[in-house]
Amino acid sequence: MRKTAVMRDDLFMEHDPGFDHVESPDRLRVIYEQLNRPEIGQNFLFPSFEPASHEIIGLNHTEPLIRRIAGTAGKTFDMLDPDTTTSSRSYDAACLAAGAVVQGTRLVAEGEVDNCFALVRPPGHHAEKDRSMGFCLFNNVAVAAYYALNHLKLKRVLIVDWDLHHGNGTQHSFYDTDKVLYFSTHQYPHYPGSGSFAQQGKGAGEGFTVNVPLPGGQGDSAYAQIFNTVLSPIARHYKPDIILLSAGFDIFMGDPLGAMNVTSEGFAYMTRILLELADELCQGRLVATLEGGYNISGQRDGVLAVLSEMVGKSFLKKETIDKLSTVDLPFPALDQAQRIAKNFSTL
């Protein structure tokens, strides 16, 4: 069994975007309730962590943005963009969320735990350097990636983002560098409108942004094939020192904001691939952070599936693993992505 850290804190549920907002505190509450069950919680470590300082958050964000979000503290309501609102403790929750992913990255990089899942709110991957948007205040995974490069002396970071929505903020944070490879699967065209095949980075980062835009309706088999035939060869060529995962569960079948058909088995299988790559390439270093997911029960089950793989207690049957490992259902987006994967080996 692996030493899997779970970063959790009730403060994350005090970020309240407002009545009937899909990014609700219940998204975490139902997961925490499961972790409170002794037969589940006993499998994990629950390390302490602190809010990220302005200096650490500033590795990815501008000072005016940090001041703007800090200015929401204590206010019952504020609006950062039409989709992104705050309550009195949203700023505190956002700093703690970034701190959770940073601390998880440190623990994994220094070998204190094998892997980590930061179960945090608000999410982060839409947040730009100078703008909060798409339910996201600070970009948790981008802050952690910069921390890994600048403070942990890691050389290459692979960020995998399987959220339904493209992580525009994460892409833009590393668009001109080869120190971070950003790999995203997402529904397209869809919010926020970015993430086409043509967006592949620029300058030193050309080729190190890999987008796999999907039309919708894809399920376990399609994602398995993408991870097996596109992500895996790219990761093996890139040889990251750590893998960070933006784990969005809005690709779960029945999510109100999406049109994908991934099941708990699909989430478990994708996690299995990432763990195998981490074991092969970077001493098992894998850190996940929660992004989207608005089918409350579906997200809960998906998170538990990911955690079961991370800790080494898989529920996947051998026949399911064999099926997903050998699936061969070509579709246009996959064909284009496989060509990009072949070209990546020439960088």
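No value in this document is a laboratory result; all are computed from the given coordinates. Values in this document were obtained by computation on a predicted structure and should not be read as measured data. Positions of Cβ are generated from backbone atoms using ideal geometry, with glycine treated the same way; all protein chains shown enter the neighbour counts.
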**OP:** For region 19-90, run through the chymotrypsin sites (Phe, Trp or Tyr not before Pro) and keep only the ones in DSSP coil with at most 13 other Cβ atoms within 10 Å of their Cβ.
**Re:** PHE19, PHE77
Subject >> Cα-centred dipole magnitude for region 187-320, charges only on beta-carbon of K, R (+1) and D, E (-1), debye, nearest 20 >> reply: 160
Original post:
Fewest to most neighbouring Cβ within 10 Å: what's the order for ILE251, ILE66, ILE57?
Top reply: ILE66, ILE57, ILE251
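Can you give me the span-like helices of the chain, meaning DSSP H runs with 24 Å or more of Cα extent along the axis and Kyte-Doolittle mean at or above 0.0?
Within the chain the helices that satisfy the rule are 90-109, 264-281.
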**OP:** For a footprinting-style exposure proxy, rank LEU11, LEU28 by other Cβ within 10 Å, fewest first.
**Re:** LEU11, LEU28
Original post:
List the GluC sites (Glu not before Pro) in region 87-143 that DSSP assigns to loop (not H, G, I, E or B) and whose Cβ has at most 15 other Cβ atoms within 10 Å. Which are they?
Top reply: GLU110, GLU112
**OP:** With a 10 Å radius around each residue's Cβ, average the other Cβ atoms per peptide and rank 135-144, 254-263, 309-318, highest first.
**Re:** 135-144, 254-263, 309-318
**OP:** Please give the length that would be gained between ARG37 and HIS237 if that part of the chain were fully extended, namely 0.36 nm times their separation in residues minus their C-alpha to C-alpha distance (nm, one decimal).
**Re:** 67.9 nm
**OP:** Compute the Rg/Rh shape ratio of the chain: radius of gyration over Kirkwood radius, all on alpha-carbon atoms.
**Re:** 0.93
Subject >> Under-5 Å amide H pairs with GLU128, H placed in peptide plane, nonlocal only >> reply: MET133
Original post:
Of the beta bridges DSSP finds with both residues in the chain, what % are antiparallel, to the nearest 5?
Top reply: 15
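State to the nearest 20 debye the size of the charge dipole of the chain about its Cα centre, where the only charges are +1 on K and R beta carbons and -1 on D and E beta carbons.
Numbers: 30 positive and 41 negative charges, 150 e Å.
Roughly 720 debye, rounded to the nearest 20.
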Original post:
Which value, in Å to one decimal place, does the Kirkwood hydrodynamic radius take for region 120-199 when every pair of different Cα atoms is included?
Top reply: 12.8
Subject >> Cβ-based charge dipole, the chain, positive-most Cα from SER297, LEU231, ALA100 >> reply: LEU231
**OP:** Quote the charge dipole size of region 1-113 about the Cα centre in Debye, to the nearest 20; the model charges only the Cβ of Lys and Arg (+1) and of Asp and Glu (-1).
**Re:** 280
**OP:** With 25 Å as the limit, write out which pairs from LYS317/LYS342; LYS179/LYS342; LYS3/LYS317; LYS155/LYS317; LYS129/LYS179 have Cα-Cα distances beyond it, or answer none.
**Re:** LYS317/LYS342; LYS155/LYS317
Subject >> region 128-254: relative contact order as a whole-number percent, Cα under 8 Å and 6+ apart >> reply: 30
**OP:** Could you work out the relative contact order of the chain, using alpha carbon pairs under 8 angstrom and six or more residues apart, expressed as a whole percent?
**Re:** 17
Subject >> Residues with amide H under 5 Å from that of LEU214, placed H, sequence gap 5 or more >> reply: HIS186, GLN187, TYR188
Subject >> Residues ASP161, ASP92, ASP130 arranged by fewest to most Cβ contacts within 10 Å >> reply: ASP130, ASP92, ASP161
**OP:** Express the Stokes-Einstein translational diffusion coefficient of region 10-118 in µm² s⁻¹, to the nearest whole number, given a Kirkwood radius over alpha-carbon pairs, 20 °C and a viscosity of 1.002 mPa s.
**Re:** 139
